[in-house]
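Just below is one structure, and these are the notes that go with it.
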Amino acid sequence: MSDFRHAPHAFLNAIFDPASSNEKDLFSRHLRDDVIFDVACPVNRLQGREAVIEEFYTPLKRALTNARRRDEIFIGGPNRRAPGGHWIASVTHYLGNFDEPLFGVKQSGHLAFLRSGEFYRIEADGRISEAKIIIDLLDLMRQAGRFPLPHMLGTEMLFPGPATHDGILPKDQADGEKTLDLCETMLADLKAFDPETFSSKGQTGDDGYWHDDMLWYGPGGIGSNYRWSGFEKDHRAAFLTAFPDRVGGDHYCRIGDGNYAAVSGWPSMTMTHRGDYLGVPATGKSLTLRVMDFYRCANTKIMENWVMLDYLDLFHQMGRDLIAEQG
């Protein structure tokens, strides 16, 4: 298959380009009639092109006045996991003045950057047949001054782009398989951990997977952190205390592209809520978690990791409606 990344990249940005004309034709040329979008809670599944337009893109453009799309990572490759095929993975922001409510989140009347993690299956005709999208509505609440959770963990911040500024349509795609190999091996070892220290074998040190100066960019509710010690303190300890039996890695997509890799499961993780988490007492409930990870690697080390989690869905399973609770 030729370089299939360019057409969807142009299309997804053209949706928010005021110079684009004949929007109906634009969507018909790039979305299949029976396309399915699985979007984070509370949107969830949208079936068919018209539903995608009317229930995702139209509300997004209405809420964010003069909305624009700003990609930070945009990669593509053959999927190692069933159902196979060729997939795009992207970290982006939708920016605009947040002037009307979006999926129940109240407006701020000010500039907002709505972060989004996105996976698209691209068919041989170049059109999109399937998408998985996690928009971080919890972080949007934070930006609007309506954050419903306690600030307990990492630094809540705008997602930065890659330090190397080369995450959009990488040129050296041949290294993608090696990059994905590294990330898959890391994930396999990450599953087991010491319940006292929350460490996993092989993650750090000279022979470890992660660079000493690793950066981990987490979603709203968790925030971002620096170095493995920060990752353990500001995310992993709290998460594994609350969900000690978590099992992850049930992915529908794993791709590599140059120094980048991306993996996602819908859901990826199953677990039991056995400890307090972000102000929610243990419920004992069995839970699932939708996950997206995007990695930048260099010299056989993972340098940066962008993480999107559908926390509105997770907290809904724990009996909390965070949209209803927004300040």
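Descriptive notes on the structure:
- Residue check, Trp306 out of contact with any Leu (no Cβ under 8 Å at 6 or more places or on another chain), under 28 Å from Glu130 (Cα atoms) and surrounded by fewer than 20 Cβ atoms within 10 Å (Cβ to Cβ): no
- If you go through the stretch 183-201 and keep only what is closer than 18 Å to Ser264 by Cβ and in a loop (DSSP other than H, G, I, E, B), you end up with just Lys191.
- Qualifying residues in the stretch 250-294 (those that are without any contact (Cβ under 8 Å) to a residue 24 or more places away in the chain and more than 30 Å from Glu72 (Cα to Cα)) - the one surrounded by the fewest Cβ atoms within 10 Å (Cβ to Cβ): Gly284
- Annotation note: of Asp213, Asp189, Asp206, the sole residue that is more than 25 Å from Trp87 (Cα to Cα) and in contact with a Gly (Cβ under 6 Å, 6 or more places away or on another chain) is Asp189.
- Residue among Ala163, Ala131 that alone is surrounded by fewer than 18 Cβ atoms within 10 Å (Cβ to Cβ), modelled with pLDDT of 95 or more, in contact with a Lys or Arg (Cβ under 8 Å, 6 or more places away or on another chain) and not assigned by TED's automatic domain parsing to the domain that holds Ala298: Ala163
- Per the listing Arg70, Arg81, the residue uniquely over 26 Å from Leu314 (Cα atoms) and under 20 Å from the mean Cα position of the chain (by Cα) is Arg70.
- Subset of the stretch 185-198 (residues that are more than 20 Å from the chain's Cα centre (by Cα), closer than 17 Å to Gly230 by Cβ and surrounded by 14 or more Cβ atoms within 10 Å (Cβ to Cβ)): Phe193, Phe198
- Thr204 being part of a loop (DSSP other than H, G, I, E, B), free of Cβ contacts under 8 Å to residues at least 40 places away in the same chain, farther than 18 Å from Val291 by Cβ and over 18 Å from the mean Cα position of the chain (by Cα): yes
- The number of residues in the stretch 211-235 being surrounded by fewer than 22 Cβ atoms within 10 Å (Cβ to Cβ) and touching a residue at least 40 places away in the same chain (Cβ under 8 Å) comes to 8.
- Of all residues in the stretch 254-273, those being among the β-branched types (Val, Ile, Thr) and closer than 16 Å to Met186 by Cα number 2.
- If the condition is being at pLDDT 85 or above and among the acidic types (Asp, Glu), then the stretch 181-195 contributes Asp181, Glu184, Asp189.
- Of residues in the stretch 212-252 being among the polar types (S, T, N, Q) and in a helix (DSSP H, G or I), the one nearest to Val280 (Cα to Cα): Thr241
The values are calculated or read from the model by the stated rules, or taken from the named source; none is laboratory data. These figures come from a predicted structure and were not determined experimentally. Cβ atoms come from the backbone with ideal geometry, glycine included; neighbour counts cover every protein chain shown.
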